[in-house]
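Below: one structure, written as structure tokens.
The values are calculated or read from the model by the stated rules, or taken from the named source; none is laboratory data. Source: prediction; values computed, not measured. Glycine also receives a Cβ, built like all others from the backbone with ideal geometry; neighbour counts cover every protein chain displayed. Heavy atoms of the whole protein, side chains included, go into the accessibility calculation; ligands, DNA and RNA do not. Shrake-Rupley method; radii C 1.70, N 1.55, O 1.52, S 1.80 Å.
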Amino acid sequence: MYGLSKSALVIIDVQNAMFDEGVYNGEQLLEELQMLIVTARESSVPIFYVQHNEAPGESLENGSVGWEIRQEITPKGQDVVIQKTTPDAFYRTNFLDELMRYEVEHLLVTGIQTEVCVDTTMRSAFNHGYKVSLVSDAHSTFDNEILTADKIIAHHNQTLRFFGKVIKRNECTF
């Protein structure tokens with residue numbers, strides 16, 4: 001870890017529709033996230049949930065059941081929920097303002113979809129000058145026509161080390 005006291009946990013797009021569509025290892029992902037959330041709350045570390053919004057009729061339509069954050073990791077009153085419409089949690093959102101308000105210097109990135117929103121947000125955080133850690137066992141995706149989800153995850157755990165540290169959940173200290 002970076003040893004910073006100004007860390008924040010970032011949970012990207014862990015919404016019902018992702019599980020309806022069969023996200024890889026979804027139950028294990030939720031267990032890892034639950035443990036991270038408990039540790040973050042015990043340490044008074046801010047938690048930022050990022051929630052994707054799609055057009056009407058899509059699976060992540062704002063206000064739909066699919067759009068809702070999974071009940072197993074429901075945000076609490078002190079948590080911040082950021083609404084986004086692109087893979088980048090920083091683009092056209094209030095995420096940067098909220099991170100600055102909480103004086104965050106280090107982001108622990110988790111969530112769904114590894115090669116899209118997790119990757120893009122991690123790279124963007126790096127470009128905004130944040131120290132970033134990808135929690136290697138707390139992000140997931142789907143199989144595609146070329147690669148299986150586990151291969152995509154392994155590839156990104158290897159590649160994203162150029163933009164921050166890649167650590168396991170049990171190595172997270174707040």
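Summary table
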{"quantity": "Failed item, numbered, when Leu36 is tested on (1) outside any loop (DSSP other than H, G, I, E, B); (2) open to solvent by 40 Å² or more (accessible area, probe 1.4 Å); (3) in contact (Cβ under 8 Å) with a residue 12 or more places away in the chain", "calculated": "(2)"}
{"quantity": "Test: residue in region 34-47 that is touching a helix residue (DSSP H, G or I) at 6+ places or on another chain (Cβ under 7 Å) and either more than 23 Å from Val166 (Cα to Cα) or of a type in the set (Phe, Trp, Tyr) (or both)", "calculated": "no"}
{"quantity": "Filtered residues of region 64-87 (kept if acidic (Asp, Glu) and either within 12 Å of Asp13 (Cβ to Cβ) or touching a Phe, Trp or Tyr at 6+ places or on another chain (Cβ under 8 Å) (or both))", "calculated": "Glu68, Asp79"}
{"quantity": "Any chance Leu60 is of a type outside the set (Asp, Glu) and either exposed (fewer than 15 other Cβ atoms within 10 Å of the Cβ) or within 15 Å of the chain's Cα centre (by Cα) (or both)", "calculated": "no"}
{"quantity": "Yes/no for Glu103 being under 20 Å from Tyr24 (Cβ atoms) and in a loop (DSSP other than H, G, I, E, B)", "calculated": "no"}
{"quantity": "Glu27 charged (D, E, K, R), open to solvent by 50 Å² or more (accessible area, probe 1.4 Å), in contact with a helix residue (DSSP H, G or I) (Cβ under 8 Å, 6 or more places away or on another chain) and part of a helix (DSSP H, G or I)", "calculated": "no"}
{"quantity": "Count of region 125-174 residues which are aromatic (Phe, Trp, Tyr), within 18 Å of Gly111 (Cβ to Cβ) and assigned to a helix (DSSP H, G or I)", "calculated": "1"}
{"quantity": "Pair list, Cβ < 8 Å and 6+ apart or interchain, from region 49-78 residues that are at pLDDT below 95 to residues that are in a loop (DSSP other than H, G, I, E, B)", "calculated": "Gln78/Pro46"}
{"quantity": "Residues that are touching a Phe, Trp or Tyr at 6+ places or on another chain (Cβ under 9 Å) and under 15 Å from Arg70 (Cα atoms), drawn from region 37-52", "calculated": "Phe48, Val50, Gln51, His52"}
{"quantity": "Condition check for Tyr91: open to solvent by 30 Å² or more (accessible area, probe 1.4 Å), without any contact (Cβ under 8 Å) to a residue 40 or more places away in the chain, hydroxyl-bearing (Ser, Thr, Tyr) and within 27 Å of Ala154 (Cα to Cα)", "calculated": "yes"}
{"quantity": "All positions within region 137-172 that are hydroxyl-bearing (Ser, Thr, Tyr) and open to solvent by less than 20 Å² (accessible area, probe 1.4 Å)", "calculated": "Ser140, Thr141"}
